[in-house]
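Data first, discussion second: the structure below is written as structure tokens.
Each value in this text was obtained by applying a stated rule to the coordinates, not by laboratory testing. For clarity, every value in this text was computed on a predicted model and none was experimentally measured. Here the Cβ is made from the backbone with ideal geometry for all residues, glycine too, and neighbour counts use every protein chain on show.
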Amino acid sequence: MARQFTKIAFTDKVKEVQEHYGSREMYENVVKRGVSEDSLTEREIDFINARDSFYMGTVNSKGWPYIQFRGGPKGFLKVLDEKTLGFVDFQGNLQYLSVGNLLENDRVFLFLMDYAHRKRLKIWGQSQVIDDNPELLTQLAEPDYEAELGRVFIIKIKALDWNCPQHIPIRYSEEEVEEMMVPLQIKIKELEAKLAKLSS
């Protein structure tokens, strides 16, 4: 567990609740042993590059949270450097709740899931919404993905944390199922070839 994460997430009220339910001492010991994680390592970079979706949380001026699902081709959420992420806002949602929220409060929370391997990565950051930079839009766009481009989000990472696999259901994408079927399909072809020889 990372110290940067606990600085952001463990407010006084959260600590009070941890104390009430008996987990405060455990978390305090974990924090003392932890390291300050606000930079991406190879582990996080590989994980992010393999994702085709994530959830993004923002808060509006009235204090209400909003979570938006973001999807695209693998790697559309791009690692620009060890402390910076960027992605293109594909057109389609005309409510602009996330955009409006971020223009008032730049704090953002990303939740990245890998159901097949029961992993999840949480990222806290501050996001800049950029509307008028065609060069950056082109740089972050996915040329083979048919979607109208909107604007760019640049996220400066403030903290990150990995969750344990507890209670994550195992789910596979169509692509993952196809990959798992390849050895079986090869075996079937081998058996069919053997059967054909025996019957000839």
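Points to keep in mind about this one:
- Relative contact order (%) - the chain, alpha-carbon pairs under 8 angstrom, separation at least six: 22 percent
- Taking V182, V99 and counting other C-beta atoms within 10 Å, the order from fewest to most: V182, V99
- Estimated FRET transfer efficiency (Q139, L184; beta-carbon r; R0 35 Å; 0.05): 0.30
- FRET efficiency estimate (nearest 0.05) - Cβ-Cβ, L149 to Y115, R0 25 angstrom: 0.35
- Inter-site label distance for K194 and I130 at 7 Å from Cα along Cβ, in nm: 5.8 nm
- Region 47-97: C-alpha gyration tensor shape, a/c 1.5 cut-off, then a/b vs b/c: prolate
- Three-way shape call for the chain based on the alpha-carbon gyration tensor, with the a/c threshold at 1.5: oblate
- Whichever aspartates and glutamates have a C-alpha closer than 20 Å to that of K189, once near sequence neighbours (fewer than 8 apart) are set aside: E178, E179
- The trypsin sites (Lys or Arg not before Pro) found in region 94-137 that occupy coil by DSSP, while having at most 16 further C-beta atoms within 10 Å, are R118.
- Cα centroids of region 127-182 and region 77-116: 9 Å apart.
- Extension gain, K7 to Y66, is 19.0 nm, computed as 0.36 nm per intervening residue step minus the present C-alpha separation.
- Our helix-only sum for the chain, with -39,500 (n - 2.57) per DSSP H run of n ≥ 4 divided by its residues, gives a mean residue ellipticity at 222 nm of -11500 deg cm²/dmol.
- A Förster distance of 25 Å, applied to the separation of the beta-carbon atoms of I168 and Q91, puts the FRET efficiency at 0.20.
- Of F69, F111, F87, the one that fluctuates the most in a GNM where the chain has Cα springs shorter than 10 Å: F69
- Max mean-square fluctuation residue, GNM over the chain, Cα-Cα springs under 10 Å, options G125, G71, G86: G71
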